[in-house]
Amino acid sequence: MGPVLKLFLSIILVLIIAMVATWYIKKPQAPQIVEMNEEKSLPPRETNIEIFKNIPIETIKPQISPKPQIKTFQEVGTETATSEESIETLEIIITAKELRFNPTEITTKSNLPLVIIFKNEDNIPLDLKISNESWSIKSDLVAPGSTTKIEIKFPGPGEYEFYSTVPIAQEKNMKGKIIVK
């Protein structure tokens with residue numbers, strides 16, 4: 001075959017491929033807005049399925065436990081919990097502001113579950129990590145002006161340090177401690 005014939009056949013082949021490609025690939029069309037009025041509305045669906053007609057429906061009521069009574073008092077920089085027999089958990093609020101925690105020292109009992117409400121009133125995202133030599137728990141980053149809850153059951157008595165793992169907070173020595181008796 002001559003070079004002109006090869007060129008001509010190549011051009012025809014490219015044109016055929018382009019036509020087939022445009023035939024298979026359709027351009028997406030903008031969705032059409034169809035207004036429904038009462039004349040064009042669909043008939044109601046039959047929802048009474050034969051299998052479910054004879055099944056009795058039971059109402060389940062959740063068990064509501066009484067709200068625990070919590071007594072706390074605050075000394076300078078220290079929050080200590082005193083409890084009665086009915087206490088199930090203790091809630092403590094730790095606030096971060098100007099790269100400092102308030103309170104910086106918390107005392108609680110070892111058998112008492114603790115809920116820490118971490119409020120970030122600083123202008124940067126911060127997290128809260130609580131740990132000792134053999135145990136730790138850490139929150140996600142908390143945006144400025146936001147709050148998170150951490151539920152804790154300490155493994156035993158001891159001192160647990162709380163701090164932020166954000167580098168600038170570590171540079172500013174932003175930390176405190178929880179004493180579990």
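The values are calculated or read from the model by the stated rules, or taken from the named source; none is laboratory data. Everything numeric here is computed off the predicted structure, so don't read it as measured data. Methodologically, a virtual Cβ is constructed for each residue, glycine included, from the backbone with ideal geometry; neighbour enumeration extends over all protein chains shown.
Out of the range 85-108, which residues are assigned to a loop (DSSP other than H, G, I, E, B) and buried (at least 17 other Cβ atoms within 10 Å of the Cβ)? L99, P103 - these are the residues of the range 85-108 that are assigned to a loop (DSSP other than H, G, I, E, B) and buried (at least 17 other Cβ atoms within 10 Å of the Cβ).
Set side by side, the residues I130, I124 differ, and just one is surrounded by 14 or more Cβ atoms within 10 Å (Cβ to Cβ), assigned to a loop (DSSP other than H, G, I, E, B) and modelled with pLDDT of 90 or more, which is I124.
Listed by first and then second residue, the pairs with beta-carbon distance under 6 Å, at least 6 apart or on different chains, first residue in the range 126-145 and under 18 Å from E161 (Cβ atoms) and in contact (Cβ under 8 Å) with a residue 40 or more places away in the chain, second among the small types (G, A, S) and part of a strand (DSSP E or B), are L126/A96.
The residue that is farthest from D140 (Cα to Cα), counting only those in the range 109-119 that are part of a loop (DSSP other than H, G, I, E, B) and free of Cβ contacts under 8 Å to residues at least 60 places away in the same chain, is N111. Out of all the residues in the range 142-156, which are at pLDDT below 90 and part of a loop (DSSP other than H, G, I, E, B)? The answer is K153, F154, P155, G156.
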